[in-house]
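Reading through the structure tokens given below for one structure.
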Amino acid sequence: ITKDSPGVVSLLEEVRHGLEDGDHVTFTEVQGMTELNDIEPVPIKTMGPYSFSICDTSKMGAHTQGGYFKQVKQPKTVQFGSMREALLNPEFVTSDFGKIDRERQLLVGMQALDAFFVERGHYPHPGNEEDQQEVLRLSQQFNTEIESDDGEPLN
């Protein structure tokens, strides 16, 4: 560990730290630079797979040997829109570009099946033309409610 601003922590050869910029770490059993032992978690910036920088260590004692670091997960607040917003303006992740509209079709189909069940108390009967037409009507209705990327309803 260098006595610098910021201090640089280098690991033993061929031992990767596995950290990312912004991760937080604490230290134990550091000899010489004992101020690092059991400090509150400090954010790091990776410098490579075998080193990362930490806080200002220029006013601390000189590191003589050893020590362990431990990654400390920090709480993160995540916010989501309402379920209604998510259904009306869905964000799809296309995994197969040969079936680019498949995610949308599955969403509309599942919404239609759910609405059918809510209205009738059962799922469509196989081979029943009336049930098929009702599911198709519901699918078309949901399809017009979902917005496209430019904010316009799709038909």
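The values are calculated or read from the model by the stated rules, or taken from the named source; none is laboratory data. Owing to the predicted nature of the structure, the values given are computational and were not obtained by experimental measurement. Heads up, the Cβs are rebuilt from the backbone with ideal geometry, glycines too, and the neighbour counts pull from every protein chain shown. Just the protein is used for accessible areas: all its heavy atoms, side chains included, with ligands, DNA and RNA removed. Shrake-Rupley method; radii C 1.70, N 1.55, O 1.52, S 1.80 Å.
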Over the stretch 83-107, the set of residues surrounded by 10 or more Cβ atoms within 10 Å (Cβ to Cβ) and acidic (Asp, Glu) is 85, 101, 103
Looking at 36, 11, 19, can you tell me which residue is open to solvent by less than 50 Å² (accessible area, probe 1.4 Å), at pLDDT 90 or above and either under 11 Å from residue 70 (Cα atoms) or in contact with a Leu (Cβ under 8 Å, 6 or more places away or on another chain) (or both)?
19
Could you tell me how many of the residues in the stretch 32-53 are in contact with a Gly (Cβ under 7 Å, 6 or more places away or on another chain) and closer than 11 Å to residue 10 by Cα?
1
Are any residues in the stretch 108-121 over 17 Å from residue 139 (Cβ atoms) and either touching a Leu at 6+ places or on another chain (Cβ under 7 Å) or surrounded by 10 or more Cβ atoms within 10 Å (Cβ to Cβ) (or both), and if so, which ones?
none
Neighbours by Cβ (under 8 Å, 6+ apart or cross-chain): first from the stretch 122-148, within 25 Å of residue 92 (Cβ to Cβ) and open to solvent by 40 Å² or more (accessible area, probe 1.4 Å); second in a loop (DSSP other than H, G, I, E, B) and not aliphatic (A, V, I, L, M):
144/155; 147/89
Which one of the conditions (1) open to solvent by less than 70 Å² (accessible area, probe 1.4 Å); (2) at pLDDT 90 or above; (3) not acidic (Asp, Glu) does residue 31 fail to meet, given that it meets all the rest?
(1)
The stretch 45-68 - residue that is among the aromatic types (Phe, Trp, Tyr) and open to solvent by 50 Å² or more (accessible area, probe 1.4 Å) and, of those, farthest from residue 32 (Cα to Cα)
50
